[in-house]
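Student: Encoded as structure tokens, here's the structure I'll be asking about.
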Amino acid sequence: KCAQAEKKNINCNLNIEIPSDMAISMFNISIVLGNLFDNAIEALDGMDDKWIKVIMSYKKENLIIAMSNPYRGEITRYKDGYKTKKENKTEHGYGLRNIKTIVNKCDGTIIIDSSNNVFDVNIALPIRL
């Protein structure tokens, strides 16, 4: 996903310090990171200041995933999610829902902040080594 972003002149800043022997589904992590990257890459389309920052670490028996990117325009919240800006609403808008489903299934937490034109997602997933 970082290679896809860099092809679109997006600067990816990765800081990943996690143990190699974590008992976590790589399928679930792929869904979480894939959706986060897809959303960030889309949000940066047409912007001049293009960056994505990802921090992954293991602290106090939790896998921490923090991802940030700038965005432009308005973000519309509803209920417990965000409204898609894409024209075909029936086929889009599932990324954050899929992430939240995985976080809930893993008994984790997710905090999303979209203030100051920066979209921040912070996830903690309990993992025992």
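Student: With respect to the cross-link table entries LYS8/LYS100; LYS7/LYS50; LYS53/LYS100; LYS60/LYS105, which display a Cα-Cα separation exceeding 22 Å?
Tutor: Where the Cα-Cα span goes over 22 Å, the pairs concerned are LYS8/LYS100.
Student: Rounded to whole Hz and in sequence order, give me ³J(HN,Hα) for region 65-74 from the Karplus expression 6.51 cos²θ - 1.76 cosθ + 1.60, θ = phi - 60°, writing x for Gly and Pro.
Tutor: Those phi angles translate into 10, 10, 9, 9, 7, x, 8, 10, x, 9 Hz.
Student: At R0 = 25 Å, how high is the FRET efficiency between ASP38 and ARG72 if r is their beta carbon distance? Nearest 0.05 is fine.
Tutor: It comes out at approximately 0.90.
Rule-based calculations on the coordinates, nothing more; no lab input. Everything numeric in this text was worked out from a predicted model, so none of it was measured. We place every Cβ from the backbone using ideal geometry, glycine too, and count neighbours over all the protein chains shown.
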